[in-house]
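Structure record follows, encoded as structure tokens.
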Amino acid sequence: MTEREYHRDPDAQSATRKDVYVERQVDTTDTPPEDAARDIYRERTSGPAGEQVVRSEHVSVPSNTARRAADVARAKQIIYFLFGVIEVLLAMRFILLALGASQASGFVRLVYGLSRPFVLPFQGIFGEPALDGAVLEWASLVGIVVYALVAYGLARLIELIYAPAPRTG
């Protein structure tokens with residue numbers, strides 16, 4: 001399907017005619033999305049030498065389905081990023097505690113302070129064996145696993161609710 005809009009150049013001389021039109025073509029690739037389109041903008045001039053294309057521009061317009069799939073992918077990336085930050089904090093907390101890092105260090109206090117709210121729900125599930133200042137904090141490991149599962153579950157839920165349905169052939 002091709003739609004054309006013509007715009008005549010009012011300043012053009014009578015010997016030379018300038019037509020500007022936008023041609024919209026439906027994409028005809030092997031498996032085109034139902035509403036994907038390609039915009040082709042062409043300026044043509046007609047004169048004694050014949051018709052010439054002065055400028056041609058092709059613009060791909062993604063389908064609504066492709067835009068929606070991109071939005072779902074972006075939401076999943078955000079979820080994985082946020083939960084990834086939480087998991088990195090918990091992993092750093094576990095390593096610092098396991099190595100017996102000094103709480104006199106500002107960095108260690110920062111990591112402990114930022115990760116504390118995320119590890120609180122899991123404290124008390126298992127005992128925490130300690131040896132010369134080094135603590136094996138199972139709550140951090142449980143938190144890493146639980147937050148990874150929650151992130152995966154949220155991402156799948158968003159995908160199931162908002163992702164476009166697959167095309168049936």
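The values are calculated or read from the model by the stated rules, or taken from the named source; none is laboratory data. A quick note: this is a predicted structure, and the numbers were derived from the prediction, not measured. A quick note on method: Cβ atoms are made from the backbone with ideal geometry, for glycine too, and the neighbour counts reach across all protein chains shown. Each accessible area value is taken on the protein alone, full model and side chains, heavy atoms only, with ligands, DNA and RNA left out. Shrake-Rupley method; radii C 1.70, N 1.55, O 1.52, S 1.80 Å.
Could you list all residues from the stretch 59-94 that are within 29 Å of Leu131 (Cα to Cα) and either out of contact with any helix residue (DSSP H, G or I) (no Cβ under 9 Å at 6 or more places or on another chain) or open to solvent by 90 Å² or more (accessible area, probe 1.4 Å) (or both)? If the condition is that a residue be within 29 Å of Leu131 (Cα to Cα) and either out of contact with any helix residue (DSSP H, G or I) (no Cβ under 9 Å at 6 or more places or on another chain) or open to solvent by 90 Å² or more (accessible area, probe 1.4 Å) (or both), then Val85, Val88 are the ones that fit.
Could you grab the pairs with beta carbons closer than 7 Å, sequence gap of 6+ or different chains, first residue in the stretch 108-125 and without any contact (Cβ under 8 Å) to a residue 12 or more places away in the chain, second one open to solvent by 80 Å² or more (accessible area, probe 1.4 Å) and not hydroxyl-bearing (Ser, Thr, Tyr)? Here the result reads Arg109/Gln103, each pair linking the stretch 108-125 to a residue that is open to solvent by 80 Å² or more (accessible area, probe 1.4 Å) and not hydroxyl-bearing (Ser, Thr, Tyr). Gly124 falls short on exactly one of the conditions (1) in contact with a Gly (Cβ under 7 Å, 6 or more places away or on another chain); (2) at positive phi; (3) not aliphatic (A, V, I, L, M), and that condition is (1).
When residues in the stretch 126-144 are screened for being surrounded by 11 or more Cβ atoms within 10 Å (Cβ to Cβ), not charged (D, E, K, R) and not in a helix (DSSP H, G or I), 6 of them pass. Considering only residues in the stretch 95-117 that are open to solvent by less than 60 Å² (accessible area, probe 1.4 Å) and of a type in the set (A, V, I, L, M, F, W, C), the one that is modelled with the lowest pLDDT turns out to be Ala101.
Determine if the stretch 142-162 includes at least one residue that is in contact with a strand residue (DSSP E or B) (Cβ under 6 Å, 6 or more places away or on another chain) and over 30 Å from Thr65 (Cα atoms).
For the stretch 142-162, residues in contact with a strand residue (DSSP E or B) (Cβ under 6 Å, 6 or more places away or on another chain) and over 30 Å from Thr65 (Cα atoms): absent.
A single member of Tyr152, Tyr147, Tyr162 is open to solvent by less than 60 Å² (accessible area, probe 1.4 Å) and hydroxyl-bearing (Ser, Thr, Tyr), and it is Tyr147. Evaluation of Gly143 against the conditions (1) out of contact with any Asp or Glu (no Cβ under 9 Å at 6 or more places or on another chain); (2) modelled with pLDDT of 95 or more shows that the sole unmet condition is (1).
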